[in-house]
Amino acid sequence: MCSIIGYSGNGEVAPILVDGLQRMEYRGYDSVGIATLNNGKLLIRKGIGKVAEVNASLALKEMPGLLGIGHTRWATHGGVTDLNAHPHSACSANVAVVHNGVIENYHELRDCLLKDGHVFKSQTDSEVIAHLLEHYWALKNDIREAMIHTCNRLLGSFAFVAIFEDSTLCGARYDEPLIIGIKPDGYFISSDVLGFLDYTDRAIFLDNRDIVMLERNNISLINFDGDIVNRTPTQVAWELGCADKGRYTHFTLKEIYEQSQTIFTSIHQTKPNLETFCNILAKAEDVFITGSGTSYHSALLAKHILSRYSKIRVESIMSSEFQYSSELLDKNSVLIAISQSGETADVLQSVKSAKEKGARVLSIVNVSTSSLARLSDCFLEVKCGPEIGVAATKSFTSQLSIIYYIADRVGDNLTGISTERRELSNAIEKTLQLETKIAEIAAHVKDVKDIYILGRSIHFPICLEGALKIKELAYIHAEGMAAGELKHGPLALIDTNSLVIILNPFDSTYVDTLSNANVIKSRGAKLIGISNKQDPIYDYCISIPYVKESLLPLVEVIPLQMLAYHLALYNNADPDYPRNLAKSVTVK
Ligand code: F6R
């Protein structure tokens, strides 16, 4: 989603803001803007494109001033235009705002403000914040009061930073993250620690309904009622800021390769934490598991793994649908929420619904300082390091390995994640070496319009995940399906133009899936088989090494990630920044 940043301190602010925005760009990247305060005047430059492009065309880094705010946008209200880019100023240009989230009552607020004579320049919901602040500031000449009144008028989810012509910088949050970075000589207010980690690892994570005021570098925290609040600074892991592409052309490729390590680092959990997690799980009467997108695919596989290897019955529900099923939960239920970012609005909404029913919440999350981690009764950290590529790759396999590990702790150590570690590690290394072959296959099939990915049982969630990767990275329509379902309708779609990928390892699903492959082949489709047993039926065969059946999903997803990556390159798409997407989806 959008990234916001504000800085007040010593030193020219514009380069600090631009670098911070560049660090956070993976969150959203359709337009960029900066406002600085120079000699008592607000300067604003903004335009569509990525940070580097807008900086090159508008010389953002050269804007003078020691105080400023910045934004990268992921459009929700109003098209991708220069005028809709943030910061937004009010009529008299004495205040400017950057916002992340959605103001649900903006129509109503805008109508009131229009009646009062305010003139709007953009189609965004965010601009109302600037006008409300201007309105209340003019009323009593008190910025604190203006912040409180404005926050209380806004409905929806928001984190915003406002810069005032009198050198005050303020921020406020409700259901969107906002973090203060503390330097000896200045403060950041940012939606993500990556915005300031190059400068400081001391941070205050604001709570909902918190307002931060920086007046000539004096900091104070209040809530929306005007009461003073105290929040303790914490130390953020420096490694988060160390993300770079290394020798790889894209973060996505680097992160695919990192899986040979990250699958195993995620299983080093602190013992008491793991025990608490597993005890809560083992005692639950009902277990629900939720996530969005890729994390939902982890939840689907978790259902298989936990029921098969630890005899825990689990219901998996995608987070955007969870609130409609929450009547199933009560105080004896447990919800496991899975999320890389820990900030996905749909996941946080599920957690809130579960808590309202008195259920306990466990989470599996990569960002340990995230809202999800803080809302959970207990959380396990995915520990795969920062994932910068917008498409989830290494976070998926790390989420899975934690699930295997939990299944082993609650059950009888049957998944093989610990006992077959060497075999798994070798298999992943060998699968990564298939990149050249997969790139060749991608070259042959790059022009297809539709791809179907089929598999059964534990392979079915991997089919969904592979299809999601192909859609988002290569912009090709792809569908994951349970192989047995094809004959119940989708077979009508298959013809000589179809490309079908079959997850057909030599396990309990082998024979039935192979027979599905035969049915498809006889309709003239091209077949790619991903298997540890070759069969002449496949036009292209991606041979994966042998591993224990339960662990196959961790291996077979890698060729699908690589195929999606290479199809993206052939289709001239940037695999790190798929169009229209954002890394952290903080709107519902
Ligand atoms: C797909 C992808 C998204 C995310 C989804 C949930 O590659 O990245 O589908 O998986 O938006 O995000 P998290 O896991 O951060 O809750």
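The values are calculated or read from the model by the stated rules, or taken from the named source; none is laboratory data. Since we're looking at a predicted model, the values are computed, not measured. Please note: Cβ atoms are built from the backbone with ideal geometry, for glycine as well, and neighbour counts cover all protein chains shown. All accessible areas refer to the heavy atoms of the entire protein, side chains included, with ligands and DNA or RNA removed. Shrake-Rupley method; radii C 1.70, N 1.55, O 1.52, S 1.80 Å.
Condition first: touching a residue at least 24 places away in the same chain (Cβ under 8 Å) and within 15 Å of His566 (Cα to Cα). Can you find one or more residues in the stretch 504-520 that meet it?
No, because not a single residue in the stretch 504-520 is touching a residue at least 24 places away in the same chain (Cβ under 8 Å) and within 15 Å of His566 (Cα to Cα).
What tally of residues in the stretch 266-290 results from selecting those that are assigned to a helix (DSSP H, G or I), crowded, with 21+ Cβ neighbours inside 10 Å and not hydrophobic (A, V, I, L, M, F, W, C)?
The total comes to 0.
Quick one: which of Lys355, Lys383, Lys394 is open to solvent by less than 10 Å² (accessible area, probe 1.4 Å), within 26 Å of the chain's Cα centre (by Cα) and not acidic (Asp, Glu)? Full working, then the answer.
Values: Lys355 fails: open to solvent by less than 10 Å² (accessible area, probe 1.4 Å); Lys383 fails: open to solvent by less than 10 Å² (accessible area, probe 1.4 Å).
Going through Lys355, Lys383, Lys394 in turn, the sole match is Lys394.
Are there any pairs with C-beta distances below 6 angstrom linking a residue in the stretch 445-473 that is assigned by TED's automatic domain parsing to the domain that holds Ala568 to a residue that is open to solvent by 40 Å² or more (accessible area, probe 1.4 Å) and outside any loop (DSSP other than H, G, I, E, B), with the two at least 6 apart or on different chains, and if so which?
Listed pairs, sorted by first residue: Lys446/Tyr570; Asp450/His477; Tyr452/Glu479; Ile458/His304; Ala467/Glu479.
Residue check: is Asn572 at positive phi and within 14 Å of the ligand (Cβ to nearest atom)?
So Asn572 does not fit the description; no.
Residues that are in contact (Cβ under 8 Å) with a residue 12 or more places away in the chain and assigned to a loop (DSSP other than H, G, I, E, B): does the stretch 130-142 have at least one?
no
Could you grab me the full set of residues in the stretch 358-395 that are of a type in the set (D, E, K, R) and either at pLDDT 95 or above or outside any loop (DSSP other than H, G, I, E, B) (or both)?
Applying the first criterion (of a type in the set (D, E, K, R)) to the stretch 358-395 yields 360, 374, 377, 381, 383, 387, 394.
Those that are of a type in the set (D, E, K, R) and either at pLDDT 95 or above or outside any loop (DSSP other than H, G, I, E, B) (or both): Arg360, Arg374, Asp377, Glu381, Lys394.
May I ask you to say which residue of Thr249, Thr265, Thr270 is under 30 Å from Asp175 (Cβ atoms), at pLDDT below 95, among the β-branched types (Val, Ile, Thr) and away from the ligand (no atom under 16 Å from the Cβ)?
Details: Thr249 fails: under 30 Å from Asp175 (Cβ atoms); Thr265 fails: under 30 Å from Asp175 (Cβ atoms).
One residue alone meets the criteria, Thr270.
Given (1) touching a Ser or Thr at 6+ places or on another chain (Cβ under 8 Å); (2) more than 16 Å from the ligand (Cβ to nearest atom); (3) not aliphatic (A, V, I, L, M), identify the lone condition not met by Ser395.
For Ser395, the exception is condition (2).
Look at the stretch 304-341 and say how many of its residues are within 26 Å of the chain's Cα centre (by Cα), part of a helix (DSSP H, G or I), more than 16 Å from the ligand (Cβ to nearest atom) and farther than 15 Å from Arg409 by Cβ.
Here the count works out to 2.
Could you grab me the full set of residues in the stretch 554-588 that are under 19 Å from the mean Cα position of the chain (by Cα), polar (S, T, N, Q) and more than 24 Å from Ser191 (Cα to Cα)?
Matches in the stretch 554-588: Gln561 only.
List the strands (runs of 3 or more DSSP E) that sit entirely inside the stretch 1-69 and contain at least 3 residues that are in contact with a helix residue (DSSP H, G or I) (Cβ under 6 Å, 6 or more places away or on another chain) and open to solvent by less than 10 Å² (accessible area, probe 1.4 Å).
Details: elements: 3-9, 31-38, 41-48.
So the answer is 3-9, 31-38.
Can you tell me which residue among Val102, Val80 is assigned to a loop (DSSP other than H, G, I, E, B) and at pLDDT below 95?
Working: Val102 fails: assigned to a loop (DSSP other than H, G, I, E, B).
On inspection, the qualifying residue turns out to be Val80.
Looking at the stretch 408-445 only, could you name the residues that are surrounded by 15 or more Cβ atoms within 10 Å (Cβ to Cβ) and farther than 25 Å from Lys548 by Cα?
Scanning the stretch 408-445 gives Ala439, Ile441, Ala442, Val445.
Does the stretch 73-81 include one or more residues that are among the hydrophobic types (A, V, I, L, M, F, W, C), touching a helix residue (DSSP H, G or I) at 6+ places or on another chain (Cβ under 9 Å) and open to solvent by less than 30 Å² (accessible area, probe 1.4 Å)? Before you say what the answer is, go through the steps one by one.
Our first condition is that a residue be among the hydrophobic types (A, V, I, L, M, F, W, C); within the stretch 73-81, this holds for 74-75, 80.
Remaining after also requiring touching a helix residue (DSSP H, G or I) at 6+ places or on another chain (Cβ under 9 Å): 74.
If we keep only those that are open to solvent by less than 30 Å² (accessible area, probe 1.4 Å) as well, we get none.
No, the stretch 73-81 has no match at all.
Do the conditions hold for Tyr577, that is, is it within 16 Å of the ligand (Cβ to nearest atom), open to solvent by 10 Å² or more (accessible area, probe 1.4 Å), modelled with pLDDT under 95 and not acidic (Asp, Glu)?
Working: within 16 Å of the ligand (Cβ to nearest atom): yes; open to solvent by 10 Å² or more (accessible area, probe 1.4 Å): yes; modelled with pLDDT under 95: yes; not acidic (Asp, Glu): yes.
Here the answer is yes, as Tyr577 does meet what is asked.
In the stretch 137-145, is there at least one residue being open to solvent by less than 10 Å² (accessible area, probe 1.4 Å) and at pLDDT 95 or above? Spell out how you get there, then give the answer.
Residues of the stretch 137-145 that are open to solvent by less than 10 Å² (accessible area, probe 1.4 Å), as a first pass: none.
No - not one qualifying residue is present in the stretch 137-145.
Looking only at the stretch 293-311, how many residues end up being out of contact with any Leu (no Cβ under 9 Å at 6 or more places or on another chain), surrounded by fewer than 24 Cβ atoms within 10 Å (Cβ to Cβ) and in contact (Cβ under 8 Å) with a residue 24 or more places away in the chain? Quick ask: steps written out before the conclusion?
Taking the stretch 293-311 as the starting set, the residues that turn out to be out of contact with any Leu (no Cβ under 9 Å at 6 or more places or on another chain) are 295, 299, 303-304, 307, 311.
With surrounded by fewer than 24 Cβ atoms within 10 Å (Cβ to Cβ) added as a condition, the list becomes 303-304, 307, 311.
With in contact (Cβ under 8 Å) with a residue 24 or more places away in the chain added as a condition, the list becomes 304, 311.
Selection size over the stretch 293-311: 2.
For the condition at negative phi and touching a residue at least 40 places away in the same chain (Cβ under 8 Å), what is the one hit in Pro578, Pro536? Even if it seems obvious, please write down each step before you answer.
Values: Pro536 fails: touching a residue at least 40 places away in the same chain (Cβ under 8 Å).
Only one candidate qualifies: Pro578.
Go through (1) closer than 18 Å to Ile44 by Cα; (2) open to solvent by 20 Å² or more (accessible area, probe 1.4 Å) for Leu133 and report which single condition fails.
(2)
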